[in-house]
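I have placed the structure first, in the form of structure tokens, so that the comments after it can refer back to it.
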Amino acid sequence: MSAGTAGAGTLTRLRRLALATLDGNWEHDHTVPSRTLYPHQWSWDSAFIAIGLAHVRPERAWRELNSLFRAQWADGRVPHIVFNPATRVGAYFPGPEFWRTEVAAAAPAVATSGLVQPPVHALAAWLVHRRDPSPAARAALGRLYPRLVAQQRYLTERRDVGGGGLAAIVHPWESGLDNSPAWDAPMAAVPAEAAVMRAYRRHDTAHADAAHRPTDLDYARYLAIVAAYRDHGYRDDGLAGRHPFLVECPLFNAALGLAEHALARIAAVLGADPGPHRERAARITEALVWRLHDPATGTFQPLDLRTGRLVPARTVLGLAPLALPDLPVRQVDALVVEACSARFGVTGRMARPLPSYDRTAPDFEPLRYWRGPSWLNMTWLVRHGLLTHDRPELAAGLRRSMLDLVARAGCHEYFHPDTGAGLGSPAFGWTAALLLDVLAEDR
Ligand code: 2M8
């Protein structure tokens, strides 16, 4: 019997496992994604983790979001990593000594990275509040609201490098899908040599199989892009003329639009004006359709601002705009077709989990990180989109697939897209959290 159709015993076991994973990864005021691979706080991980914590530890869900936003920069950016000073030096590469955020006037006192990640935090705050709309939760929401607004302002004003109303990412790490084939073309233009990595010690390959992780050449380029940004004090003015990686990503911008929708609801609860958020949400959706929709394929593709071209690789990033409630019906229908195609295989009865990349592509890699394996956060987001656009049967297929994966392999970081075997880190935070979230629903 699959867990998707499992009895109460299996569901209770899954709930316990997920809770134990989150408790085991709790670290005074935040949850580490993984004790081994990622022993600090990560931005979009914390948002997903808060969504799950809301079901079991609501007070901790707010602490998770608050600790992240305490590290928000003066310019509004929410850093993608907040380093825990109590964690052993060298436990993660690249650590604070590489980022050197003290070069930036806007950086906070605590050590962080200088990059951001998809802004899924307003949605998380809304969902946490919806789960437990107590007076304490309303107060927590009220304290977070201006910070969420500042995050949006940073992204929509300082990061609109292309001038078309979308935010540009300045590093593949900002997409959250680090080595996705979506970044192959823009990354190829970044000058770097794999040999550079001889001067450093990668920490990830000590804990995970190197064949399942980004390559040394990928890392050499990651470091070169960080150095380019850092050496200009992490400033965003003049990026167009000098920065080696500038892309408008469909997932990142779908999150940006979703955040405005969530902020509109939050504003209404707090007695603030939701109107400006609704207007901004509409403008972002319009810009996404105008700039990133590829009429030839019906899906959304990243736009490489350095070449002015859409990236052709069909990855799960392209399905993310489905989560936007105001996406026009034509694009919704086309995305559902794409999701249900042989490339992604979404059905009401999934034989295999949702892959991160087109499984019919010749360079599909079932073991390597974001180049094929299945991830629960993307499955959750696509499911969220299917529910938003009233496709309950397809959404139920993804929910069952999430339950099956964890029932068979545990709370792994990612999963083999054919066999469902667990890959990457065991006891992974957002896998546990998002499992708790879908366990709380019965569709
Ligand atoms: C992965 O990214 C980090 C760099 O940020 C890494 O590989 O070291 C990605 O999967 C990212 O989406 C995630 O937020 C992070 C922590 O789970 O790990």
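State yes or no: is THR36 within 16 Å of the ligand (Cβ to nearest atom), out of contact with any helix residue (DSSP H, G or I) (no Cβ under 6 Å at 6 or more places or on another chain), open to solvent by 20 Å² or more (accessible area, probe 1.4 Å) and within 25 Å of ALA18 (Cβ to Cβ)?
On the way: within 16 Å of the ligand (Cβ to nearest atom): yes; out of contact with any helix residue (DSSP H, G or I) (no Cβ under 6 Å at 6 or more places or on another chain): no; open to solvent by 20 Å² or more (accessible area, probe 1.4 Å): yes; within 25 Å of ALA18 (Cβ to Cβ): yes.
The answer is no for THR36.
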Of (1) away from the ligand (no atom under 16 Å from the Cβ); (2) closer than 27 Å to ASP184 by Cβ; (3) open to solvent by 20 Å² or more (accessible area, probe 1.4 Å), ARG371 satisfies every one except (1)
Q) Looking at THR21, is it of a type in the set (Val, Ile, Thr) and assigned to a helix (DSSP H, G or I)? A) yes
The correct count of residues that are open to solvent by 30 Å² or more (accessible area, probe 1.4 Å) and of a type outside the set (Asp, Glu) in region 313-344 is 9
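Just checking, how many residues over region 139-149 are of a type in the set (A, V, I, L, M, F, W, C), open to solvent by 20 Å² or more (accessible area, probe 1.4 Å) and more than 22 Å from LEU166 (Cβ to Cβ)?
The first filter runs over region 139-149 and keeps only residues of a type in the set (A, V, I, L, M, F, W, C), leaving 139-141, 144, 148-149.
Subsequent filtering for residues that are open to solvent by 20 Å² or more (accessible area, probe 1.4 Å) retains 139, 149.
Retained after the next criterion (residues that are more than 22 Å from LEU166 (Cβ to Cβ)): 139.
Qualifying residue count, region 139-149: 1.
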Screening ALA421, ALA440 for residues that are away from the ligand (no atom under 13 Å from the Cβ), free of Cβ contacts under 8 Å to residues at least 24 places away in the same chain and hydrophobic (A, V, I, L, M, F, W, C) leaves only ALA421
Of the listed residues (ALA107, ALA136), the one being modelled with pLDDT of 95 or more, away from the ligand (no atom under 16 Å from the Cβ), over 29 Å from HIS207 (Cα atoms) and buried (at least 22 other Cβ atoms within 10 Å of the Cβ) is ALA107
Would region 233-255 turn up any residue that is surrounded by fewer than 16 Cβ atoms within 10 Å (Cβ to Cβ), in contact with a Ser or Thr (Cβ under 8 Å, 6 or more places away or on another chain) and assigned to a helix (DSSP H, G or I)?
no
Here the residues within region 72-101 that are in contact with a helix residue (DSSP H, G or I) (Cβ under 7 Å, 6 or more places away or on another chain), open to solvent by less than 10 Å² (accessible area, probe 1.4 Å) and β-branched (Val, Ile, Thr) are VAL78
Scanning region 12-33 residue by residue, those of a type in the set (A, V, I, L, M) and surrounded by 15 or more Cβ atoms within 10 Å (Cβ to Cβ) turn out to be LEU14, LEU17, ALA18, LEU19, LEU22, VAL32
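Do we find a residue being surrounded by fewer than 19 Cβ atoms within 10 Å (Cβ to Cβ), at negative phi, modelled with pLDDT of 95 or more and touching a Gly at 6+ places or on another chain (Cβ under 6 Å) anywhere in region 273-280? Explain how you work it out, then say what you get.
First pass over region 273-280, keeping only residues surrounded by fewer than 19 Cβ atoms within 10 Å (Cβ to Cβ): 273-276, 278-279.
Imposing the further condition that a residue be at negative phi reduces the set to 273-276, 278-279.
Next, only the ones that are modelled with pLDDT of 95 or more stay: 273-276, 278-279.
Checking which are touching a Gly at 6+ places or on another chain (Cβ under 6 Å) leaves us with none.
No, that holds for no residue.
Could you say whether any residue in region 398-410 is within 16 Å of the ligand (Cβ to nearest atom), small (Gly, Ala, Ser) and buried (at least 19 other Cβ atoms within 10 Å of the Cβ)? Step through it out loud before you land on a result.
At the first step, the residues of region 398-410 found to be within 16 Å of the ligand (Cβ to nearest atom) are none.
The answer is no, given that none of the residues of region 398-410 is within 16 Å of the ligand (Cβ to nearest atom), small (Gly, Ala, Ser) and buried (at least 19 other Cβ atoms within 10 Å of the Cβ).
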The condition from (1) buried (at least 24 other Cβ atoms within 10 Å of the Cβ); (2) within 16 Å of the ligand (Cβ to nearest atom) that TRP62 misses is numbered (2)
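The values are calculated or read from the model by the stated rules, or taken from the named source; none is laboratory data. Every value quoted in this text rests on a predicted model; they were computed, and no experiment measured them. Note: ideal-geometry Cβ built from the backbone for every residue, glycine included; neighbour counts use all protein chains shown. These accessible areas exclude ligands, DNA and RNA; they are computed on the full protein's heavy atoms, side chains included. Shrake-Rupley method; radii C 1.70, N 1.55, O 1.52, S 1.80 Å.
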